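First comes the structure, then the notes that go with it.
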Amino acid sequence: MKFGIVVLPGSNCDHDCYYVVKHVFGKEATFLWHRDRDLKGVDCIILPGGFSYGDYLRPGAIGRFSPIMEEVVAFAKKGGPVIGICNGFQILTEAGLLPGALMRNRDLRFICDYVWVRVERKDTPFTSRYREGEILRIPIAHNDGNYVVDEDILKQLEDNNQIVFRYCNREGVVDDTSNPNGSMANIAGVCNRDGNVLGMMPHPERCCEAILGGEDGKGIFQSIIETIEGGGWNGNR
Amino acid sequence: MKVKVYVTLKKGVFDPQGKAVEDALHSLGFSGVGNVRVGKYIEMEINSTSTKEAERQTKEMCEKLLANPVIEDYSFKVEG
């Protein structure tokens with residue numbers, strides 16, 4: 001299978017994603033330049049972290065209007081798996097592929113740290129290799145990760161089981177002290193209704209090798225690979 | 001035409017920046033200050049002869065890019 005990694009001006013985790021896909025998992029990977037409109041036949045699109053367009057105006061606000069994004073939106077609407085990590089998550093919310101918005105962290109600080117997240121849902125193309133309730137140790141690095149959504153939509157997210165990851169403590173308890181950035185309901189990652197678009201603030205690509213401090217992110221890539229190679233994702237349709 | 005756009009956080013959306021500014025104002029002795037909200041001000045020139053047309057364009061810009069309707073409200077003034 002083939003992964004496509006979108007490169008916007010200011011993306012800085014694109015090579016990390018490429019490295020993991022290609023050299024940790026031995027799969028094909030290609031960069032998708034922001035000015036292009038060709039998805040090069042990829043099976044899964046990764047919107048990597050970074051500071052696209054300098055985070056000017058709002059994180060992701062300008063990146064979402066890149067020519068390649070029109071193709072990404074069309075791919076997602078056809079059910080293609082799209083994962084946005086950090087700035088990629090911000091872009092997905094700005095593009096309307098995911099609900100909510102990511103605001104400045106509650107404490108107004110850039111946070112670069114390892115956190116714990118609990119896997120809330122395993123029937124997605126991104127989390128099938130995990131157990132439901134599994135606790136992952138995974139790095140975050142962001143200034144604007146404070147997930148905000150209005151109460152009605154939050155209820156819909158809960159009802160439709162769209163919350164994929166929540167910040168928790170080492171024991172898996174979701175509470176305010178384990179919430180690094182003030183996100184509503186400790187949300188660290190959400191998916192769309194069909195389950196084929198995931199946005200998450202933590203960086204799975206930074207924890208795929210023990211030598212780098214952890215391997216808890218591997219399950220994301222393994223899940224995608226198994227899903228695609230096993231015949232694709234039919235979603236909740 | 002000169003256009004002034006104001007983008008503010010919606011009521012009910014917590015504004016950590018506003019809170020930090022408010023705390024700073026309190027520590028400077030402005031104890032009567034409350035509900036500080038930090039927003040954005042954007043100004044631009046639009047090449048248009050009709051105020052109505054400039055307003056229509058500005059509204060579209062706000063909805064598409066300048067404000068995020070999930071968390072922000074906007075208002076603007078067109079000056080001839």
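Bear in mind these aren't lab numbers, they're just calculated from the coordinates by the rules spelled out. Please read these numbers as outputs of a predicted model, since none were measured by experiment. Positions of Cβ are generated from backbone atoms using ideal geometry, with glycine treated the same way; all protein chains shown enter the neighbour counts.
Mean residue ellipticity at 222 nm, helices only, the protein assembly as shown: -6500 deg cm²/dmol; runs of at least 4 DSSP H residues each add -39,500 (n - 2.57), and the sum is divided by the number of residues. Remark: for residue pairs A:Lys77/B:Lys59; A:Lys122/B:Lys11; A:Lys78/A:Lys155; A:Lys40/B:Lys10, the C-alpha separation exceeds 30 Å in A:Lys122/B:Lys11; A:Lys40/B:Lys10. Taking the Cα centre of the protein assembly as shown as origin and assigning +1 to Lys and Arg Cβ atoms and -1 to Asp and Glu Cβ atoms, the resulting dipole is close to 340 debye.
The slack in the chain from B:Arg37 to B:Lys4, taken as 0.36 nm per residue of separation less the alpha-carbon distance, amounts to 10.0 nm. For A:Val115, which sequence-distant residues (separation of 5 or more, or a different chain) have an amide H within less than 5 Å of its own amide H, given hydrogens modelled in the peptide plane? Distant-sequence amide H within range of A:Val115: A:Ile138, A:Ile140. Taking square-rooted eigenvalues a ≥ b ≥ c of the alpha carbon gyration tensor, is segment A:116-237 rounded, prolate or oblate, where a/c under 1.5 means rounded and, failing that, a/b exceeding b/c means prolate? Oblate shape, in that a/c is at least 1.5 and b/c is the bigger or equal ratio. Here's the picture: charge each Lys and Arg Cβ at +1 and each Asp and Glu Cβ at -1 in chain B, and of B:Pro16, B:Val38, B:Met61 the one pushed furthest to the positive end of that dipole is B:Met61.
The overall shape of the protein assembly as shown is oblate: from the C-alpha gyration tensor, with semi-axes ordered a ≥ b ≥ c, the ratio a/c is 1.5 or greater and a/b is no larger than b/c. One Cα centroid belongs to segment A:159-186, the other to segment A:74-119; the line between them spans 14 Å. Under the classification rounded if a/c is under 1.5, otherwise prolate if a/b is larger than b/c and oblate if not, where does chain B fall, given a ≥ b ≥ c as square roots of the Cα gyration tensor eigenvalues? Verdict is prolate for chain B. Spin-label model, A:Lys2 to A:Asp107: label points 7 Å out along the Cα-to-beta-carbon direction sit 4.5 nm apart.
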